[in-house]
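These notes concern the structure reproduced below.
The values are calculated or read from the model by the stated rules, or taken from the named source; none is laboratory data. All of these numbers come straight from a predicted model, not from anything done at the bench. All Cβ positions, glycine included, derive from the backbone under ideal geometry; neighbour counts span all protein chains shown.
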Amino acid sequence: MKLMISKSDVEIVQQYWFSIAAHGQDIAANFYQDLFEKHPEYRPYFRNDMEVQQEKLIRMINIVINGVAVWEVIQPEIVKLGRFHATIADFGKQDYQNVVNTLFGVMERYRGHQDDRASEAWSNLFGIISDTMMQAADEYLSENKTGS
């Protein structure tokens, strides 16, 4: 899958993230708190130490934001994450949208309401990421079918 995000979108999401990245640990903690409040069905998937999980989230966001201009560099990480998620559950488009909406809401607390252009840029980026992850998950599941 080729990255279909404009240079302008790359600049917007990078500027936005860089303006709030210093709050990364708080953003991650609030993200998981909000996610589990809004969608308690996801809580059982997170059996690890939540501080470790929060660090993983921020590390992945930083990888994506720092490398988004060179999709070929970050795509393997996104694919790996999608394949990993396939080992946990059959997450669909709505699940990814729930995560994105929760993350947007938390980020807005640290920078303020995103304007329409920033929301569109983030939506484009996370749409590509979720599509890539779902495609990788589907491929993983096809490769690892049992009993067929």
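Annotations
- Applying the criterion of being acidic (Asp, Glu) and assigned to a helix (DSSP H, G or I) to the residues of the stretch 76-133, the residue that is surrounded by the fewest Cβ atoms within 10 Å (Cβ to Cβ) is ASP116.
- Close pairs (9 angstrom Cβ cut-off, 6 or more residues apart or separate chains): closer than 14 Å to GLN33 by Cα in the stretch 51-62, of a type in the set (Ser, Thr, Tyr) and surrounded by 14 or more Cβ atoms within 10 Å (Cβ to Cβ) anywhere: GLN53/TYR32; GLN54/TYR32; LEU57/TYR32
- Any hit, the stretch 37-54, residues being outside any helix (DSSP H, G or I) and at pLDDT 95 or above: yes
- Criterion (within 17 Å of ARG111 (Cβ to Cβ) and in contact (Cβ under 8 Å) with a residue 24 or more places away in the chain) met by exactly one of ILE12, ILE5, ILE78: ILE12
- Residue count for the stretch 1-15 satisfying the condition of being assigned to a helix (DSSP H, G or I) and out of contact with any Phe, Trp or Tyr (no Cβ under 7 Å at 6 or more places or on another chain): 8.
- Some residue of the stretch 68-75 being part of a helix (DSSP H, G or I), among the aliphatic types (A, V, I, L, M) and surrounded by fewer than 16 Cβ atoms within 10 Å (Cβ to Cβ): yes
- For the stretch 26-82, the set of residues classified as β-branched (Val, Ile, Thr) and under 18 Å from GLN14 (Cβ atoms) consists of ILE27, ILE58, ILE61, ILE63, VAL64, ILE65, VAL68, VAL70, VAL73, ILE74, ILE78, listed by residue number.
- From the options ILE58, ILE27, ILE74, residue that is modelled with pLDDT under 95, out of contact with any strand residue (DSSP E or B) (no Cβ under 8 Å at 6 or more places or on another chain) and not small (Gly, Ala, Ser): ILE74
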